[in-house]
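Working notes, beginning with the structure itself.
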Amino acid sequence: MFIKSWKKEIFTIPNILSMFRLALIPVYVIIYLNATEPGHYFLSAAILAVSCLTDLIDGKIARKFHMISNLGKILDPVADKATQFTLIICLAVRHPVLWYLVGLFVVKEGFQAVAGMVLLHRRQILKGALITGKVCTTILFLSLILLVLLPGLPQDTVRAIAAVDAVFMLVAFVDYIFAFMGKRDKIEALDVDPNDALGG
């Protein structure tokens, strides 16, 4: 009975999609860093688009079919952040102006990781992503996919894109600081059945 419950917690469709997104990361890295012609860059962008699509789908499936799980609440953002971080690093290799964006990303996500571990130690978790975080993720993915598709953009344009990304990242960062301080009513007990909140 315990094993069946354990499998049900892990092998849900949303969790499998999150694992799929993690599996796409090395595929993207290999193709993008070895790209030499437009078709390679297009394929790299297509992989990122698939990753974004599965990210949208898994959340909808989890909510509609009551497949929200504590593992999913951790695995989904991990897949998102790992994909974003890999994408920024790869792009920074080709566009050095993006390295400061990498630094900002590390500080922001480092804070969230530490704050998240503190909550886990207290048997608590942040209840879903903040709207500012979702907007930041959307802007970041769209702008960086554009840079993947158009590797020959002028550096001034790349710098402007990076500046816009940095602004959204900073806004989300501040909002998450408030959330982890308990100012956004987004903290919940980890032991609570995540589907209870949905009436399941």
Notebook entry, point to check: Quick one: how many Å² of residue 156 are accessible to a 1.4 Å probe, rounded to 10?
Noted result: 110
Notebook entry, point to check: Under 5 Å between amide H atoms, partner at least 5 residues away or on a different chain: which partners does residue 124 have, H built in plane at 1.01 Å?
Noted result: 190
Notebook entry, point to check: Quick one: what do you get for segment 24-78 if you divide its Cα Rg by 2.2 N^0.38 Å?
Noted result: 1.45
Notebook entry, point to check: Quick one: longest stretch of the chain between exposed loop chymotrypsin sites (Phe, Trp or Tyr not before Pro), exposed meaning at most 14 other C-beta atoms within 10 Å and loop per DSSP?
Noted result: 66-200
Next item on the list: Can you tell me the relative contact order of the chain? Whole percent, Cα pairs under 8 Å, sequence separation 6 or more.
Entry: 27
Next item on the list: Report the paramagnetic label zone for residue 138: residues of segment 173-192 whose backbone N is under 13 Å from a point 7 Å from Cα along the Cα-to-Cβ axis.
Entry: none
Margin query: Based on alpha-carbon atoms only, what is the radius of gyration of the chain relative to the globular estimate 2.2 N^0.38 Å?
Written below: 1.09
Notebook entry, point to check: What length, rounded to one decimal in nm, is gained on full extension from residue 185 through to residue 37, with 0.36 nm per residue of separation minus their alpha-carbon distance?
Noted result: 48.4 nm
Notebook entry, point to check: How large is the helix-only mean residue ellipticity at 222 nm for the chain, computed as the sum of -39500 (n - 2.57) over DSSP H runs with n ≥ 4, divided by its residue count, in deg cm²/dmol to the nearest 500?
Noted result: -26000 deg cm²/dmol
Notebook entry, point to check: So how do 142, 150, 126, 71 rank on accessible area, 1.4 Å probe, biggest first, that is with the largest at the start?
Noted result: 142, 150, 71, 126
Next item on the list: Would you mind listing how long segment 75-161 runs along its three principal axes, going by Cα atoms, in whole Å with the largest first?
Entry: 48, 20, 19
Check: When the chain is modelled as a GNM with alpha-carbon springs shorter than 10 Å, which of 188, 37, 109 fluctuates the most?
Finding: 37
Note to self: Using Stokes-Einstein with the Kirkwood hydrodynamic radius over Cα pairs, what translational diffusion coefficient do you get for segment 117-175 at 37 °C and a viscosity of 0.692 mPa s, in µm²/s rounded to a whole number?
What the structure shows: 249
Notebook entry, point to check: Amide H neighbours of residue 187 under 5 Å, counting only residues 5+ apart in sequence or on other chains, H built in-plane at 1.01 Å?
Noted result: 127
Checklist line | GNM top mover of 75, 153, 101 - the chain, alpha-carbon springs below 10 Å | finding: 153
Margin query: Relative contact order of segment 30-126, please, whole-number percent, based on alpha carbon pairs below 8 angstrom and at least 6 residues apart.
Written below: 15
Note to self: How many angstrom lie between the Cα centre of segment 14-65 and the Cα centre of segment 122-192?
What the structure shows: 18
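The values are calculated or read from the model by the stated rules, or taken from the named source; none is laboratory data. Please read all numbers here as calculations on a predicted model, not as lab measurements. Backbone-built Cβ (ideal geometry, glycine too); neighbour counts: all protein chains shown. Just the protein is used for accessible areas: all its heavy atoms, side chains included, with ligands, DNA and RNA removed. Shrake-Rupley method; radii C 1.70, N 1.55, O 1.52, S 1.80 Å.
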